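The values are calculated or read from the model by the stated rules, or taken from the named source; none is laboratory data. Keep in mind that what you see is a predicted model, and the values were worked out from it rather than measured. Quick reminder, even Gly has a Cβ in these numbers, built from the backbone with ideal geometry, and neighbours come from all protein chains shown.
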Amino acid sequence: MSEKLQSPRGTRDLLPDESLLFRFVEESAYELSRKYGYGEIETPIFEASEVFHRTLGESSDVVSKETYDFKDRNGDSFTLRPEGTAGVARAFISEGLSQNLPLKFYYSGPMFRYERPQKGRYRQFFQLGAECLGYESPYSDVECIALAWDLLKKIGISQDCTLEINTLGDAESRTANREALVKYFTDHKESLSADSKVRLEKNPLRILDSKDEGDRKIIANAPKLEQYLNEKSKEFFKQVLAGIEKLGIPHKVNPLLVRGLDYYCHTVFEFTTSKLGAQGTVLAGGRYDGLIEMMGGPKTPGVGWAAGIDRLADLTPKELAVKNDLFVAVIGADEKGELESIALAHELRSAGIRTENLMSGKMGKRIQKADKMGAGFVLILGESEVNDKKVSCKNLRTGQQDSVDRTQIIAHLQK
């Protein structure tokens, strides 16, 4: 093969330094989700195409332009999952879980969208999310947002993120607003972009998401959703905001924040940052009381969010990901020391200490390698140490070097 082999466009290899950040983000999310009562769920990487086409809508950009669709040998149509919520909803229905409500699920894994690759946006990307099913209370929305906020704090990026929040109201409020929007945009149809003309026929709310400059000017004077909120919807949002304020989560109400899909209602929110350029959303979610019913299941309230692990990892300080656990390098200085270093490394690992046995190279180079790897100590074993039942222990942070009894080395390190 003459051309240099490369990963497919829009994908990347996660090398150890990046994987360290990914793992830290995922483990932080997993630990916090468990504390909030969420159980982990794993759904297939591909589903019957209907799962996504029905829930995301044939007119959505994801379905019309971005999904990886394929037919298997039986001619059945499948789609690589572009997001996680629909798969969780499908599992809820097919596994017959409606008798177990309320339920909380956490997930993470790869997703796939065919789109133009750019910083923070890939064709194979990684996402984690949380879904809470069965609660109609506005305080369920608050708890869901609190979990997201705690995650951003835990991975050290909350100070760079802003919570933007809005309400879509209930079905009655949205219907009234939709009718007003259809009339308004129909009056301005000739000035709309080609994409927005299609959306006007299929899903007019999605025009509000348009990034086209001409559309934005028209949108600026469109009927505002808050004009059509009934008292029930206003009270729901009031309680969500009161809960967020009670928890001290900084936020701002953004009336232009919407979700174009019909099953969304009431609360929608995003955490955004200015640290990633145009791709500023790091986590987004909302209430979707109509989703499971739309998919053929029982009427089930739900609220959740998803976050791009790629973007979270890009923002996470590396020093947070490198945990302050004990990391030791072992070096055998000669043939007798090499044999003993294997036994010592095994003993340290059995005691729960992260250990790297550096087996080749000059002594100075091996010590430099240990330091570069982030080891806190180097343990050196040569013939004299083995004969005297000692270990030469060098603290790479302070430079101090001690001769320690072989039987006391674990206690010395842990001290």
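Laid out as a table, the results:
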{"quantity": "Residue that is surrounded by the fewest Cβ atoms within 10 Å (Cβ to Cβ) [pool: residues in the range 26-50 that are of a type in the set (A, V, I, L, M) and outside any strand (DSSP E or B)]", "calculated": "I45"}
{"quantity": "Elements of type helices (runs of 4 or more DSSP H) in the range 120-228, at least 2 residues being over 30 Å from K318 (Cα atoms) and under 25 Å from the mean Cα position of the chain (by Cα)", "calculated": "138-154"}
{"quantity": "Which numbered condition L261 misses (of (1) out of contact with any Ser or Thr (no Cβ under 9 Å at 6 or more places or on another chain); (2) among the aliphatic types (A, V, I, L, M); (3) at pLDDT below 85; (4) surrounded by 14 or more Cβ atoms within 10 Å (Cβ to Cβ))", "calculated": "(1)"}
{"quantity": "Number of positions in the range 108-159 that are of a type in the set (K, R) and on the phi > 0 side of the Ramachandran plot", "calculated": "0"}
{"quantity": "Strands (runs of 3 or more DSSP E) completely within the range 277-365 that count 1 or more residues being over 30 Å from the mean Cα position of the chain (by Cα) and closer than 25 Å to L20 by Cα", "calculated": "327-332, 354-358"}
{"quantity": "Cβ-Cβ under 6 Å pairs, at least 6 apart or on other chains, the range 218-236 side touching a residue at least 60 places away in the same chain (Cβ under 8 Å), far side assigned to a helix (DSSP H, G or I)", "calculated": "L229/S173; N230/E172; N230/S173; S233/S173; F236/P138"}
{"quantity": "Considering residues of the range 264-287 that are surrounded by fewer than 21 Cβ atoms within 10 Å (Cβ to Cβ) and of a type in the set (A, V, I, L, M) only, the residue modelled with the highest pLDDT", "calculated": "A284"}
{"quantity": "Some residue of the range 290-305 being closer than 25 Å to R199 by Cβ, in contact with a strand residue (DSSP E or B) (Cβ under 7 Å, 6 or more places away or on another chain), surrounded by fewer than 22 Cβ atoms within 10 Å (Cβ to Cβ) and modelled with pLDDT of 95 or more", "calculated": "no"}
